[in-house]
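Structure record follows, encoded as structure tokens.
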Amino acid sequence: MSTRRVAVIGAGVAGLAAALRLTERDPATEVAVFDAAARPGGTVATEHSDGFLMEVGADSMLTEKPWGVALAERHGFVDRLIPTNPAERRTYVVHGGALHPLPEGFLMLAPTALWPLAASPLFSMRGKLRMGLDLILPRARGGDDESLGAFVRRRLGREALERVADPLIGGIYTADPERLSLAASMPRFLEMERRHRSIILGLRAGTSASIRHGAGARYGLFASHRDGMGAFVDEMVRRLPAGTLRLRTPVEAVARDRGQWQLVAAGTPVIADAVIVSVPAYAAARLLASVDGALARALDEIEYASSATVTLGFRARDVAGRLHGFGFVVPHAERRPLIACTYSSRKYPGRAPDGFELVRAYLGGARRPEMVERTDTELVGAVREELRALLGITAEPVLAHTGRQQRAMPQYAVGHLERVAAIERMTEPWTGLALAGAAYRGVGIPDCIRGGEAAADAVLEATAPAA
């Protein structure tokens, strides 16, 4: 019996997870992972400079989604995951040009405790009373997808949207909440309304118990690798068979002929029984255009946003008393250039040398795309001006690093899950073809791991020898 051959296009987290799953389930399968880049991980990488540890992409993974921690457990490096600093687990929100702590018990969209909400200066009395109406408002009728903005306004009011949901959720997706699909981005809140009618009651009933138990109990809501999320990627790569990963090897063409997949990778023909395409949707569209034009057009309709980051290192004495919590988020209504700012050295240990602090600011996204086009000098200047205005930091940084993520964040517009379901139906006639990555059913690292593993399971089933 001939050996099954699977080609994985894209060595991001989803592609690596798919390759790991393939080798876990069937070690006899020949797996080749192709990527045009010089390093694996896609948008996830870690850089080091003078003792500072700087993340290129995500700095954490959500622990209530178990697939990231589960992968680390299966492959023997879960002991290298670290929790956020419990002494600093607080987030601030910019309002009226000043920083205000997010009330204790506020979970992404809604409060779970009313007294901290009542005492918070972040909301007006009218805004607080409007949030309380969630306790008595009826469920929505009908099952149509709605935007995150429409949902939060309907359940909790305008202030909850503008001052919390917009910067917290919109910032994660670098998206416009008025276009962001609730079902695709925050499905558990949709389920809370269905089951409990009230979001506040749903949270109190323990709908978010996964945060307090299992992985969340060990790490809090977020976890990282002790050496940065780039090291998480390295752990995955080290557990692949030698020769599996083929960097600087772009796949230039994909075709289907006589029951096999035919690829051209860096000019070399490759034959495979199955193909997992785990590059961004627009890149997948180009590769699959000659196979299925309708599928390619559907993939190309998924929009992406770009963002920029500025990472600054400071002497601790120069910012003493200025950095509290994990950082702050900036509502779009504030009309400031920043989306958010993370105090990396306060969030996780080992991100800055002793006597120094590291902060990382985020700019751009779907609503400020012009920021990504600014020069490095302009970006650093904009961030320093915001730190001066909001935190009173005037010191010269000892380190300044800029990065750009061009077309890196898929935009889950209203109706996204229906679009994805249609795309998945289009792949069904193509035996051995599967898609994976952030474009489809979740943008976080655990989501990409789950998607990669599901793609691997699908192609193994599709290409299994007949009984």
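So, R336, is that one among the basic types (K, R), in contact (Cβ under 8 Å) with a residue 40 or more places away in the chain and part of a strand (DSSP E or B) or not?
In short, no.
Consider L263 carefully, then state whether it is part of a helix (DSSP H, G or I) and more than 24 Å from the chain's Cα centre (by Cα).
no
For residues in segment 215-260 being part of a loop (DSSP other than H, G, I, E, B) and among the polar types (S, T, N, Q), which is farthest from C448 (Cα to Cα)?
Once the filter is applied, the top-ranked residue is T249.
Pick from M409, M426, M371: which is of a type outside the set (V, I, T), within 27 Å of G313 (Cα to Cα) and part of a helix (DSSP H, G or I)?
None of the other options fit; the residue is M371.
Specify the residue that is surrounded by the fewest Cβ atoms within 10 Å (Cβ to Cβ); the eligible residues are those in segment 235-272 that are touching a residue at least 40 places away in the same chain (Cβ under 8 Å) and charged (D, E, K, R).
Step by step, filter segment 235-272, then rank; the result is R248.
Among the listed residues A316, A340, A333, A352, which satisfies the condition of being in the same structural domain as Q406 (by TED's automatic domain parsing) and within 18 Å of the chain's Cα centre (by Cα)?
A340
I need a count of the residues in segment 362-398 that are of a type in the set (G, A, S) and either touching a helix residue (DSSP H, G or I) at 6+ places or on another chain (Cβ under 6 Å) or under 21 Å from Y173 (Cβ atoms) (or both).
4
Test of understanding: among R322, R317, which residue is surrounded by fewer than 24 Cβ atoms within 10 Å (Cβ to Cβ) and either on the phi > 0 side of the Ramachandran plot or assigned to a loop (DSSP other than H, G, I, E, B) (or both)?
Matching residue, one of R322, R317: R322.
Restricting to segment 82-123, give me the number of residues that are among the charged types (D, E, K, R) and modelled with pLDDT under 90.
The total comes to 2.
With respect to T402, determine if the residue is surrounded by fewer than 20 Cβ atoms within 10 Å (Cβ to Cβ) and within 20 Å of the chain's Cα centre (by Cα).
Criteria met by T402.
Which of the residues spanning segment 323-357 are under 19 Å from G381 (Cβ atoms) and touching a Gly at 6+ places or on another chain (Cβ under 6 Å)?
I339, A340, C341
Checking A72 against (1) surrounded by 15 or more Cβ atoms within 10 Å (Cβ to Cβ); (2) of a type in the set (G, A, S); (3) part of a loop (DSSP other than H, G, I, E, B), which test does it fail?
(3)
I'm trying to understand the selection: among the residues of segment 290-309, which are within 22 Å of L417 (Cα to Cα) and not in a helix (DSSP H, G or I)?
D292, E301, I302, E303, Y304, A305, S306
Do the conditions hold for D447, that is, is it in a helix (DSSP H, G or I), assigned by TED's automatic domain parsing to the domain that holds R25, surrounded by fewer than 18 Cβ atoms within 10 Å (Cβ to Cβ) and under 25 Å from the mean Cα position of the chain (by Cα)?
Taking the combined requirement at face value, the residue does not satisfy it.
Quick test for you: out of D59, D79, pick the one residue that is among the acidic types (D, E), in a loop (DSSP other than H, G, I, E, B) and either under 30 Å from F356 (Cα atoms) or under 22 Å from the mean Cα position of the chain (by Cα) (or both).
Sole residue among the options that is among the acidic types (D, E), in a loop (DSSP other than H, G, I, E, B) and either under 30 Å from F356 (Cα atoms) or under 22 Å from the mean Cα position of the chain (by Cα) (or both): D59.
With R425, R388 as the choices, which residue is free of Cβ contacts under 8 Å to residues at least 24 places away in the same chain and assigned by TED's automatic domain parsing to the domain that holds L16?
That would be R425, the only listed residue that is free of Cβ contacts under 8 Å to residues at least 24 places away in the same chain and assigned by TED's automatic domain parsing to the domain that holds L16.
Out of everything in segment 166-204 that is of a type in the set (K, R) and in contact (Cβ under 8 Å) with a residue 40 or more places away in the chain, what residue ends up being surrounded by the most Cβ atoms within 10 Å (Cβ to Cβ)?
R179
Counting only residues that are within 28 Å of L53 (Cα to Cα) and out of contact with any Phe, Trp or Tyr (no Cβ under 7 Å at 6 or more places or on another chain), how many does segment 245-259 have?
Of the residues in segment 245-259, 3 are within 28 Å of L53 (Cα to Cα) and out of contact with any Phe, Trp or Tyr (no Cβ under 7 Å at 6 or more places or on another chain).
The values are calculated or read from the model by the stated rules, or taken from the named source; none is laboratory data. Predicted model, so just to flag it, every value in this text is computed and none were measured. A quick note on method: Cβ atoms are made from the backbone with ideal geometry, for glycine too, and the neighbour counts reach across all protein chains shown.
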